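Written out below as structure tokens is the structure these notes cover.
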Amino acid sequence: MKTGKLSQMTSAEEVLETVAEFSREAHSFYTDLVPKVTKNIRYLVEDLARAELAHVRMLSDLVKSPDMRDHLKDAILRPEADRRFSDAVQAPELGDTPDDQQVLQYALAREQVALEEFSELAANTPPGLLHEVFSFLANEETRQKADLEALYYEIVHSGGV
């Protein structure tokens, strides 16, 4: 039983690296997507790329910070959403002319997985720096998901933006 519990644990350093990789891949995906999407959602894809780059920079600064150095080996309970989150690191190939609805569906699914991961990580960490970081990321994903849902609803129900 004890071994099962240990396999459910991970380190703060591993979690932060996975989150950074998730954001790096998303930044690259959205940046590559910008010239391929319609003008209707280009601004949104650009915003998503900028937000992911900001996350990468924040995480890089965090890992290097003296405040974080003592916590990198801290044990964290691996979230239930971890496998889906890790799978979401790999972005799909949407082709040269992706449909707006297809792009938004992917982005919404990705935001949902990230929201679940960050919310669970925030819940699994004690008050302090890591908890604040994961809470911040969960709040960011909540905001981005709400924006995406509004745009998706507009596109689906009006036949375009």
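The values are calculated or read from the model by the stated rules, or taken from the named source; none is laboratory data. Everything numeric here is computed off the predicted structure, so don't read it as measured data. Cβ: placed from backbone, ideal geometry, glycine included. Neighbour counts: every protein chain shown. Side chains are part of the model used for accessible areas, which takes the heavy atoms of the whole protein and leaves out ligands, DNA and RNA. Shrake-Rupley method; radii C 1.70, N 1.55, O 1.52, S 1.80 Å.
Pairs of C-alpha atoms in the chain farther apart than 22 Å represent 44 percent of all such pairs.
Remark: segment 3-157 carries 53 Å² of accessible area per residue (probe radius 1.4 Å; ligands, DNA and RNA excluded). Starting from the Cα of Asp147, move 7 Å in the Cα-to-Cβ direction to define the label point; list residues of segment 33-58 whose amide nitrogen is under 16 Å from there. Within reach of a label on Asp147, which here means backbone N under 16 Å from a point 7 Å along Cα→Cβ, segment 33-58 contributes 34, 40-56. Close amide H partners of Asp74, meaning residues 5 or more places away or on another chain with modelled amide H under 5 Å apart, are Ala12, Glu13. Computed extension length for Gln8-Glu93: 27.4 nm, one decimal, from 0.36 nm per residue of separation with the Cα-Cα distance subtracted. Placing dummy labels 7 Å off each Cα toward the beta-carbon, the span from Thr18 to Gln101 is 3.4 nm.
Rounded to the nearest 500, the helix-only mean residue ellipticity at 222 nm of the chain stands at -25000 deg cm²/dmol, with each DSSP H run of n ≥ 4 adding -39,500 (n - 2.57).
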